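**Q** Just passing along the structure, written as structure tokens.
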Amino acid sequence: MKFTPLTATALALCFATASSCQLCAQASPQTPSVSASEARLPGYRYDFSPGVRNTADGFLPITQESLFTPASGFGFEAAGVTALDRGDSHTGDRPVYFSVAVPEGNYRVTVTLGDSARETDTTIKAESRRLVVEHATTKPGEFLTRSFTVNVRNATLTPPPLNAPGGTRVILNDREQGVLHWDDKLTLEFNGPRPAVRSLEIVPVTDAVTVFLAGDSTVTDQPREPGASWGQMLPRFFKDNVAVANHAESGETMKSFLTAHRFGKLLSAMKPGDYLFIQFGHNDSKAQWPQTYVEPFTTYKAYLKVFIAEARRRGATPVLVTSMHRRNFDDHGKIKNTHGDYPEAVRQVAREEAVALIDLHAMSAQLYEALGPEKSPLAFSNNGKDATHHNNYGAYELAQCIVTGIRAAKLPLADLLAGDAPQFDPAKPDSVESFSLPASPGRSTQKPRGD
């Protein structure tokens, strides 16, 4: 998506009282000593408390006029931002975007939230709506610090040698032009009923564990409401030493993931200790797509084994994920399988290759049947008219299924789950009525590619 600047009305910013919200940013060698890699690398420091710190402390004050430009390299992604400067936290009741130009890689983000004069409730999303902080609340005069790691990438590839096959860029589709997860910026969305940000530090890290995601529209970072995927909810459930690099894209198959250089891009950033979660099947099974169709027990399994082998060759751990069901009930309230033999083929490959398996196909049936034919549409996009793609609630529940699968598979990654990542039973989903996640500003009625 192209970023649409928010209006002044949508961006009423209020800078709270005594010591919080000043947006300041500058590259600085003074970085938090969180890890060895952070100690070696320069960082970017932002303060949302005008007048509280000075440039000698490594902070550069930012006002409502500080808009992002290629020349400045940081600022608000909006025009006409208004603010009342109280010399405290950046507070408000509307979502705002703040970006900083950075090279691709993983970045540890540390944000201090709170306001001296009022209660606050802040949700933070990174890049294209990746949930990283969910409803962080403070009382008046209370401040808390939260950290998370964000993966930033662009579409460039190292050129292949002379006369060698390959490409210099990932082949993006029209939908991906201008989206926040394929650019040279780290963008944060501050959202919630009463968001308040006091300070922000961004430090490049080289030792974070990266969880790479390869898949289709049910995994990708959906750039606009109301669609969402489990892939963009997953970061919320990890500690701050894990980055989720979501390379999934709508309409993709394993074949197209290779030919568009998406897999090559993903592999170029992979290192020992990382993970590769693989979920394909919705589109690979379409015989009406002859260029990318694969038969379940032959070519489909063969392509899965290629993905597994390439991850292992780089010292990463592959994890297979079966595709979740479409919402299709029989007359008895049971989910009908629309994926044929493909989920079973994934299970066979997991056994044959001794690969961890997360059976989202099975767990999604439990989830949908627990909600039933009446309530399950509330987990899907376009007010339930879409029976394949999910909304924020459905994506959040499926992400919890993935967390359950990580624990059940006894992956070492389970030790890196956030302390507040709940135990989840898909047969006992969270209440639809009580679920609350602030919606991002952008909306689209366009259905994702594939179904």
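Laboratory data are not the source of any read-out in this text; all were calculated from the coordinates shown. Fair warning: this is a prediction, and the values are worked out from it, not measured in the lab. Counting neighbours? That spans all protein chains shown, and the Cβs are built from the backbone with ideal geometry, glycine included.
**Q** What does the highest-first list of 322-329, 203-210 look like by mean Cβ count within 10 Å?
**A** Working: 322-329: 21.8, 203-210: 20.2.
Going from most to least packed, we get 322-329, 203-210.
**Q** Applying a 10 Å radius around every beta-carbon, put 372-378, 193-199 in order of their mean neighbour count, most first. Each step should come with its number before you reach the end.
**A** Working: 372-378: 15.3, 193-199: 24.6.
Per-residue mean Cβ counts within 10 Å order the peptides as 193-199, 372-378.
**Q** Separation of region 99-151 and region 430-451 by C-alpha centroid, Å?
**A** What the calculation gives is 21 Å, centre to centre.
**Q** Please list 3J(HN,Hα) in residue order for region 121-134, calculated via the Karplus relation 6.51 cos²θ - 1.76 cosθ + 1.60 where θ = phi - 60°; whole Hz, with x for glycine and proline.
**A** 8, 10, 10, 10, 10, 10, 6, 8, 6, 6, 6, 10, 9, 10
**Q** If the cut-off is 12 Å between C-alpha atoms, which aspartates and glutamates fall inside it for Lys301, apart from same-chain ones fewer than 8 positions away?
**A** Asp284, Asp341, Glu344, Glu352, Glu353
**Q** Using modelled backbone amide H atoms (1.01 Å from N, in-plane), which distant-in-sequence or interchain residues come within less than 5 Å of Ile358's amide H?
**A** Excluding prolines and chain starts, which carry no amide H, the hits are Leu320, Val321, Thr322.
**Q** Could you tell me the center-to-center distance, by alpha carbons, between region 190-269 and region 299-361 in angstrom?
**A** Cα centres, region 190-269 to region 299-361: 20 Å.
**Q** Sort 411-419, 435-443 by the packing proxy (mean of other Cβ within 10 Å over each peptide's residues), most packed first. Please list the in-between numbers first.
**A** Working: 411-419: 14.2, 435-443: 16.3.
The packing order, highest mean first, is 435-443, 411-419.
**Q** A further question follows. Taking θ as phi - 60°, what are the ³J(HN,Hα) couplings along region 107-119 by the Karplus curve (6.51, -1.76, 1.60), each to the nearest whole Hz, with x for Gly and Pro?
**A** 10, 7, 10, 10, 10, 9, 10, x, 8, 6, 10, 8, 5
**Q** Give the lysines reachable from Lys385 as a straight Cα distance under 16 Å; neighbours fewer than 8 places away on the same chain don't count.
**A** Within the straight-line cut-off, Lys385 pairs with Lys375, Lys447.
**Q** Among all the lysines, which ones have a C-alpha under 24 Å from Lys185's C-alpha, if same-chain residues fewer than 8 places away are not counted?
**A** Lys185 reaches Lys2, Lys125, Lys239, Lys265, Lys271.
**Q** Just to check, using Stokes-Einstein with a Kirkwood Rh over alpha carbon pairs, what's the diffusion coefficient of region 208-451 at 25 °C and 0.890 mPa s in µm²/s? List each step's numbers first, then the result.
**A** Working: Rh = 18.0 Å.
Once the numbers are plugged in, D ends up at 136 µm²/s.
**Q** Then there is this: Given H placed on each backbone N at 1.01 Å, which residues far from Leu157 in sequence or on other chains put an amide H within less than 5 Å of it?
**A** Amide H neighbours of Leu157: Arg169, Val170.
**Q** So what's the net charge close to Thr292: Lys and Arg +1, Asp and Glu -1, counting the other residues with Cβ under 10 Å from its Cβ? List each step's numbers first, then the result.
**A** Numbers: positive: Lys255, Lys286; negative: Glu252, Asp284.
Residues close to Thr292 contribute a combined charge of 0.
**Q** Near Phe435, within a Cβ-to-Cβ distance under 13 Å, what is the net charge of the other residues, with Lys and Arg +1 and Asp and Glu -1? If you can, show how the numbers build up before the last one.
**A** Details: positive: Lys375; negative: Glu134, Glu397, Asp430, Glu433.
With Lys, Arg at +1 and Asp, Glu at -1, the net is -3.
**Q** Same structure again: Enumerate the calculated ³J(HN,Hα) couplings along region 165-178 in order (Karplus 6.51 cos²θ - 1.76 cosθ + 1.60, θ = phi - 60°), each rounded to whole Hz, writing x wherever the residue is Gly or Pro.
**A** x, x, x, 10, 8, 5, 7, 7, 8, 4, 5, 8, 5, x
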